[in-house]
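Undergrad: Pasting in a structure now, in structure tokens, and then I'll have a few things to ask.
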Amino acid sequence: MNGEARLLAPLVPTRGYFPDFLTPAEGLLGMTDALAALRETPSARLHEELSRLSTATRPFPSWIRAMAEGDTRALGRLAGILQRYYEAAVAPYWPRVQCRIEADRAARGRALLDGGADRLLASLPPMMRWRPPVLEADYPVDRDLHLGGRGLLLLPSYFCRRTPVTFHNTDLTPVLVYPVEHPAPRITPPVPPERSLGRLVGQTRSAILQGIGVGCTTSELARRADVSLASASQHATVLRDAGLLVTLRQGNAVLHTLTPLGAALLRGARPAEAAAYERLG
């Protein structure tokens, strides 16, 4: 992985601009579609976007210089590097990443259903502030993004930290990538997974898991499982310690959603991603 990281470093600096073509819209469909779209990047776009990268401190290696000159053949090498980096640095942890993304999406969807677009935009993390009709965001540089009736695609990101990011090219579909909430470090030692899973028996916790659905608050969970609020909270804690659900604070309430492992347990199957999640937990 270190080799791939070194090769990619000139294209993705730790701060500042990086080319838009590295994050194609097809990425929403998965890595295969994203790499296929990357390979089809027009030479004029390669030249324009790579020319924006600073090479004052370290010149581009020859294969990136070729891309900067519009040589699309080097895109095959770039796609291979990205694939190997993904397999080593992202794929093994994807179930854990996915559960945080799904928790955030559940929270945003809940806000949208409860109060429409205003509630949704007001629910975004604190580095973004909804002051109608403007969504303000902490950003590395001062810039305005005018939608012009095109709408805004909100993308929660596990790897985005501190500030949101968007495309440099304002002609592209307006996208705002923002950081998801990361759980605070535990103050007390984590409960051993074996002990937590061993406590997962009985109809009540089965009802709790089934009652979560696509996401619910503790009070809703109590009603669905027909238990007291205190009991629902206690069972949710056990399930969370076992890696079967994730809890996200939303205003004065909390929202519970299933992890891939929790969903697999309900299905009565253990797909590869659930097994990988358990190994990581």
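The values are calculated or read from the model by the stated rules, or taken from the named source; none is laboratory data. Note that the structure is predicted; figures quoted are calculated from it, not measured. Note: ideal-geometry Cβ built from the backbone for every residue, glycine included; neighbour counts use all protein chains shown. All accessible areas refer to the heavy atoms of the entire protein, side chains included, with ligands and DNA or RNA removed. Shrake-Rupley method; radii C 1.70, N 1.55, O 1.52, S 1.80 Å.
Undergrad: I'm checking my understanding of the structure. Among residues of region 115-162 that are modelled with pLDDT under 90 and touching a Gly at 6+ places or on another chain (Cβ under 9 Å), which one is nearest to ARG96 (Cα to Cα)?
TA: Among residues in region 115-162 that are modelled with pLDDT under 90 and touching a Gly at 6+ places or on another chain (Cβ under 9 Å), the one nearest to ARG96 (Cα to Cα) is PRO140.
Undergrad: On to the next question. Among the residues of region 9-26, are any in contact (Cβ under 8 Å) with a residue 24 or more places away in the chain, in a helix (DSSP H, G or I) and either hydroxyl-bearing (Ser, Thr, Tyr) or over 24 Å from PRO140 (Cβ atoms) (or both)?
TA: No, region 9-26 contains no residue that is in contact (Cβ under 8 Å) with a residue 24 or more places away in the chain, in a helix (DSSP H, G or I) and either hydroxyl-bearing (Ser, Thr, Tyr) or over 24 Å from PRO140 (Cβ atoms) (or both).
Undergrad: Continuing with this model, one more query. Tally time: how many residues in region 199-249 are buried (at least 17 other Cβ atoms within 10 Å of the Cβ), in contact with a strand residue (DSSP E or B) (Cβ under 9 Å, 6 or more places away or on another chain) and part of a loop (DSSP other than H, G, I, E, B)?
TA: 2
Let's see how each residue does on (1) among the charged types (D, E, K, R); (2) open to solvent by 80 Å² or more (accessible area, probe 1.4 Å); (3) closer than 22 Å to THR166 by Cα:
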position	(1), (2), (3)
ASP20	yes, no, yes
THR23	no, no, yes
MET31	no, no, yes
ARG52	yes, yes, yes
GLU69	yes, yes, no
ARG73	yes, yes, no
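Undergrad: Something else: Name the single residue that is most open to solvent (accessible area, probe 1.4 Å) among those in region 177-198 being among the hydrophobic types (A, V, I, L, M, F, W, C), assigned to a loop (DSSP other than H, G, I, E, B) and at pLDDT 60 or above.
TA: Within region 177-198, the first condition is being among the hydrophobic types (A, V, I, L, M, F, W, C), and the residues that meet it are 177, 180, 184, 187, 191, 197.
Then drop every residue that is not assigned to a loop (DSSP other than H, G, I, E, B), which leaves 180, 184, 187, 191.
Pick out the ones that are also at pLDDT 60 or above and you get 180, 184.
Working: VAL180: 9, ALA184: 82 Å².
For region 177-198, the residue satisfying everything is ALA184.
Undergrad: Somewhere in region 66-85, is a residue under 26 Å from PRO140 (Cα atoms) and modelled with pLDDT of 90 or more?
TA: Here is the first cut: in region 66-85, the residues under 26 Å from PRO140 (Cα atoms) are 68, 82.
Right, trim to modelled with pLDDT of 90 or more and you get 82.
Yes, that holds for at least one residue.
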